[in-house]
Structures are given as structure tokens and as C-alpha cells.
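Okay, structure first, notes after.
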Amino acid sequence: MAEKVAVITGGSGFLGSHLCDKLIENDIKVVCVDNLLTGSIKNIEHLFGNEKFSFIKHDVTNFIHVPGNVDFVLHFASPASPIDYLKLPIQTLKVGSLGTHKALGLAKDKGARFLLASTSEVYGDPEIHPQKEEYWGNVNPIGPRGVYDEAKRFAEAITMAYHRYHGVDTKIVRIFNTYGPRMRLNDGRALPAFVSQALNGEDITIFGDGSQTRSFCFVSDLVEGIYRLLLSEENEPINIGNPSELTIKEFAEEVIDLTNSESKLTFLELPIDDPKVRQPDITKAKEKLGWEPKIGRREGLKITIDYFKSVLNK
């Protein structure tokens, strides 16, 4: 049997690099395509020299050429944290629209299965809680966050169009807040910000009054869910995340506790259109993929804090 080959766009990013590892562990050859706009060679340098891995530096909003057979195309290229997509609004829109179009074109050309990394942000500031896949969302298309939310909503729409019109075998994963090693310390999200502030003994900055909720999933759990979805027969979107919900203030206090930090909490104005609640309904993932998260938050946080300590010590 010929070796299976997967193309992962955004493969040097936080999630993409863990996916590279997962597929290679399962004897799938990986071609990582990334322009390194927000990704990092550091995330994949341990794979250089591995015969199952190759890297192409390329902007996926342009035509993607990969020689030979391709069995899977996983589209993970995108700025994915508020600090990135507010700084790179046009690139975010382009990679969600043109980039998804080019990645789908590659899948269609190769007869490959396609998996889109979508996001819980398609639900916007939700009026339904927890969020089910059937919910259409509450998104401000012209707000500053709209560049990311609408890019992903368009990506879902074109993915389903390629499925219905061209018969491409497509999957859509809606990813909820994920954390773990290889996150960037300065990526603007709550978790890396809180951990780096706590480790440096700085005040922890909370936006709003801290009553907004998030649900954090450890990266190995998330990647397992994505892998199962990739190999499944599901074409409709599926939420992958950890339903264990807590407020941002509770989360900051947990980080202070786990880092033995003296940090105090300070409160800043809430950014525009910041979602007040976030919690995945994972009924579909359980029923269709036999998946649910295994790693508890404290356990995952300890691993992540150790990783951030090693980065800060360098």
C-alpha cells in the first residue's frame, strides 16, 4: 500500500505543529505549508530530518502546488489570536477566503479528503449556551473581530459548497479555546498572558470584570478529536473543545495558585464584541467520533506552565 500523504497549511503554528506530530506518529507523511506569518520554525524543527516530513515556505492565498499524490488536506493557516488578527486584518480575511479556496482546489485536484480548521468564533457573542453546531451565531460583520469571525464563516460556506457542488469529501472542526506547549507567550490570549504575568510576578490584567466565561481544552485532546474527525465520514461541522467552563477571573486565580505567584488582579476595559460566554456542546463529538477530553485543566495547566517556564528561562 502506498504511504498516505497529508498537506497541512499553517503547519508551523501552535495547533498545526501538534497535528504534524500526530499524523507522522500514525505513519502519514506530512507536507507542511506555511509562510511563517504567525507560525514558527521552532515548532517544527524537531521534525527536520524526519523522512516523513517536508516543509514548503509558501503563502497559501496563492496557488498551492504539491507534487505527487495527496490523501488529506488540512487547512490550519490563519492568524488565530486577537492580537494577530487585529494587527493583520487583511491577511486574516485573505487566508480565510482565498487560502481556503486554494486549499480546497488542491484537495479537489488530488481527490483528497479536506479538513477545515474553523472556530467557536463563528458563534460570535452567543445568545445560545452552551453552543451547539446547529446555532448560526451572533457575529458583528463590521466590528474589529469580524475579520476573523467572518473569514471563518466564509471558509465554512465555501467548504460546504465544494462538498455539495464538486463532491469533495470535506470535514469542518469548530475549535474552542485550546492551550498547551508551543503557544506563544505574547499571542494576546488570556492563558499565555496570565501565565507569563504570573511567572514574572506582574499584575494579571483582566479585560472587563472577569465574569465572561471560557472553556479550555488541552492540545493533545483537541488533536485527537481532529484526527478522529479526519478519519470519520462526518461532513457537517463538529465542535471539539472541553465543556469545563469557568470565568476569566476564576481562571486567573487558578493560574496564580498553580504558579505560586504573588500577582494581583487588575481590570481593564472589555474589548468590543468580546464574547460573554463560551462553552462547547460536544454531544456530536461523543456520539459520532467516540471522543471526549481526557486531560483535566489543572493537569494540562501544569504541563503548559512548565513549558512557559522553559521558554522564559531561555
#### Entry: Close pairs from the range 107-133: first in the same structural domain as residue 155 (by TED's automatic domain parsing), partner among the small types (Gly, Ala, Ser) and not in a loop (DSSP other than H, G, I, E, B), Cβ under 6 Å, at least 6 apart
114/107; 116/155
## Note on the structure
Result of the Cβ filter at 6 Å on the range 30-49, keeping first residues that are assigned by TED's automatic domain parsing to the domain that holds residue 72 and partners that are in a helix (DSSP H, G or I) and of a type in the set (D, E, K, R), at least 6 apart or interchain, is 38/84
### Summary
Considering the range 1-38, residues that are within 14 Å of residue 57 (Cα to Cα) and surrounded by fewer than 24 Cβ atoms within 10 Å (Cβ to Cβ), and then whichever is farthest from the chain's Cα centre (by Cα), we arrive at 31
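Table: residues versus (1) without any contact (Cβ under 8 Å) to a residue 60 or more places away in the chain; (2) charged (D, E, K, R); (3) out of contact with any Gly (no Cβ under 8 Å at 6 or more places or on another chain).
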{"site": "206", "(1), (2), (3)": "no, no, yes"}
{"site": "217", "(1), (2), (3)": "no, no, no"}
{"site": "228", "(1), (2), (3)": "no, yes, no"}
{"site": "284", "(1), (2), (3)": "no, yes, yes"}
{"site": "295", "(1), (2), (3)": "no, no, yes"}
{"site": "306", "(1), (2), (3)": "yes, yes, yes"}
### Entirely in the range 1-82, the strands (runs of 3 or more DSSP E) that have 3 or more residues that are farther than 19 Å from residue 109 by Cβ
53-57
## Note on the structure
The residue that is farthest from residue 152 (Cα to Cα), considering only those in the range 167-206 that are outside any helix (DSSP H, G or I) and of a type in the set (Gly, Ala, Ser), is 201
### Message
Which count do you get for residues in the range 256-300 that are under 23 Å from residue 131 (Cα atoms), part of a loop (DSSP other than H, G, I, E, B) and small (Gly, Ala, Ser)?
### Response
2
### Query
Are any residues in the range 211-266 of a type in the set (Lys, Arg) and touching a Lys or Arg at 6+ places or on another chain (Cβ under 6 Å), and if so, which ones?
214
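Return the only residue of 92, 100 being modelled with pLDDT of 95 or more, touching a Pro at 6+ places or on another chain (Cβ under 6 Å), surrounded by 24 or more Cβ atoms within 10 Å (Cβ to Cβ) and in a helix (DSSP H, G or I).
Values: 100 fails: touching a Pro at 6+ places or on another chain (Cβ under 6 Å).
Going through 92, 100 in turn, the sole match is 92.
The values are calculated or read from the model by the stated rules, or taken from the named source; none is laboratory data. Small disclaimer: the values here were computed from a predicted structure and weren't measured. No Cβ is skipped: glycine too gets one built from the backbone with ideal geometry, and neighbour counts run over all protein chains shown.
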